[in-house]
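Notes to accompany the following structure.
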Amino acid sequence: ALQNSSSPRSVKSTGRTQYHLNPQASYKVAILGAAGGIGQPLALLVKMSPLVSDFTGPSELADCLKGVNVVVIPAGVPRKPGMTRDDLFNINASIVKTLVEAVADNCPEAFIHVISNPVNSTVPIAAEVLKQKGVYDPKKLFGVTTLDVVRANTFVAQKKNLRLIDVDVPVIGGHAGITILPLLSKTKPSVCFTDEEIHELTVRIQNAGTEVVEAKAGAGSATLSMAYAAARFVESSLRALDGDGDVYECAYVQSDVADLPFFASRIKLGKKGVEALISSDLQGLTEYEQKAVEALKAELKSSIEKGVGFAQKQS
Ligand code: NAD
Ligand code: LMR
C-alpha cells in the first residue's frame, strides 16, 4: 500500500487543469499483483504522484488493505499468442474473486480498479462478490479501460499530426475485440476522417492488445503502457477524492446507457465514485458507430453473464 500525504499549498498541473491539493488529504493506494509486469512499474508511477508521498503496508493481504482508499487489481495471468482474453477466465476469475472478497472484508468503501482480464467478466464477478458480502457500491467499482483511450489518442494524434496532449477520444463498450469501440466522431478537437481512416483506426485500436501479445511472442501482454494508463486512472481517482470537481475518464462500470448491466463510457468522477455517466456521447453517433454498438452487445452480454454465473455458482 502506498500512502499519500500531500504537502500544504502544493499545486498540481494535470495538463488540462490546475488545482490546489487539500493540505489535510491522506490517501492509501493498494496494488494487488504488484510484483507483476504491470504491478512493478505501476507501483513506481503511482509513487511519483505528488498526491502519494509515503509507503506503508505489511505483507499480509488483510492488513495491507485496511484503510485503503483505492485498490488496483492487476493480479492474474496474461495472454499468449493465439489466446483471447476470455481464455484467461478459468484462472483469473478465481483470483479476482478471492482478492475482492478480501477488499470487501477490509476496505469495503474503497474505489476498486479491476485490470485483470477478461475485464468484461471480472468486473461482474467483483460486483457479485461485493453483493454477496453486502457491501456493493456500483459507483466505486471500475473496469480499467484507460489503455484503450491512451491507444486511441495516440493513434489519432499520429495519423492527424496532432499534439497527443490535445487529443481525447472516448472509447465505449467493453475491453475485448469488437466490444472496444472508439467514438472517433466525438474526438476532441474535432477531426475529419475518411470512412477508410475510421475503419482502419477502429480496427487498430480494437486489436492493439493482440498486436502487443503477438510482438511479445509468449512473454505476456502490454505492461508499461498499462502501468501508465492505470497510474493515470489512479491519479484521476485521487483527484476526485481530493475534491477536484472536473475529473472525467472512460471506465467499464455498472450502467444504464446501453441496455446492458455493465458498459464502458465516459464518467464523471467525484468523492463518492461515479458521479455521472456521460450518456450524451452515445447520442448523434455515425451510422458506422451505431452499427458497431449493436454488434458488440451480444458478446458483451454473454461475457457479463459468464462472470455473474461463475460468482453465483461459487457462493
Ligand atoms: P504478470 O504475470 O506479469 O503479473 C501478474 C501478477 O499477479 C504476478 O506478480 C502474480 O504473482 C500476481 N498474482 C497472481 N495471482 C495472484 C493472487 N491470487 N493474488 C495476488 N497476486 C497474484 O501479468 P501482467 O502482465 O502484469 O498482467 C496482469 C493482468 O492484467 C492480466 O490478466 C492481463 O491480461 C491484464 N491486463 C489488462 C489490461 C487492461 O487494459 N485492462 C492491460 C494489460 C494487461
Ligand atoms: C491489452 O489490451 O493490452 C490487455 O487487455 C492485455 C491483452 O491481453 O491484450
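Quick note: the coordinates plus some simple rules give every number you see, no bench work behind them. Treat the numbers as computed from the prediction; the structure is a model and nothing was measured. Cβ coordinates were reconstructed from backbone atoms using ideal geometry, including for glycine residues, and neighbour counts include every protein chain displayed.
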Item to check | Listed pairs K216/K291; K47/K140; K160/K216; K66/K131; K66/K97; K28/K140 exceeding 25 Å between Cα atoms | outcome: K216/K291; K160/K216
Checklist entry - Gain in length, Q312 to K131, computed as 0.36 nm per residue apart minus the alpha-carbon separation, to one decimal in nm? => result 64.1 nm
Checklist entry - Which order do peptides 196-208, 249-261 fall in by mean Cβ count within 10 Å, highest first? => result 249-261, 196-208
Next on the checklist: Run the numbers for E101 and E211: contour at 0.36 nm per residue of separation, minus the present Cα-Cα distance, in nm.
Outcome noted: 36.3 nm
Checklist outcome for this item: Membrane-span-like helices (DSSP H runs, Cα span along own axis at least 15 Å, mean Kyte-Doolittle at least -1.0) in the chain -> 89-106, 119-132, 146-160, 195-216, 224-241, 287-314
Checklist outcome for this item: Interchain or sequence-distant (5+) residues whose placed amide H lies within less than 5 Å of the amide H of G270 are E275
Next on the checklist: Give the aspartates and glutamates reachable from K159 as a straight Cα distance under 13 Å; neighbours fewer than 8 places away on the same chain don't count.
Outcome noted: E196, E197, E200
Item to check | Summed side-chain charge close to S303 - residues other than S303 whose Cβ falls under 12 Å, Lys, Arg +1, Asp, Glu -1 | outcome: +1
Item to check | Longest to shortest principal axis, alpha-carbon extents of region 97-212, angstrom | outcome: 50, 25, 21
Checklist entry - Percent relative contact order of region 155-270, based on C-alpha pairs within less than 8 angstrom and at least six residues apart? => result 23
Checklist entry - Residue by residue through region 67-72, which ³J(HN,Hα) values in whole Hz follow from phi under the Karplus form 6.51 cos²θ - 1.76 cosθ + 1.60 (θ = phi - 60°), with glycine and proline marked x? => result x, 7, 9, 9, 10, 10
Item to check | Cα Rg, Dmax (largest Cα-Cα span) when computed across region 46-157, Å | outcome: 15.2, 44
Checklist outcome for this item: Within the set V149, V293, V234, GNM on the chain using Cα springs under 10 Å gives the largest fluctuation to V293
Checklist entry - Plugging the Kirkwood radius over Cα pairs into Stokes-Einstein for region 204-250, at a temperature of 20 °C and a viscosity of 1.002 mPa s, what D comes out in µm²/s? => result 172
Next on the checklist: Counting only other residues whose beta carbon sits under 11 Å from that of K66, what net charge do I get with K and R as +1, D and E as -1?
Outcome noted: -2
Item to check | Value in Å of the Kirkwood radius, where the chain supplies the Cα pairs that are averaged | outcome: 19.6
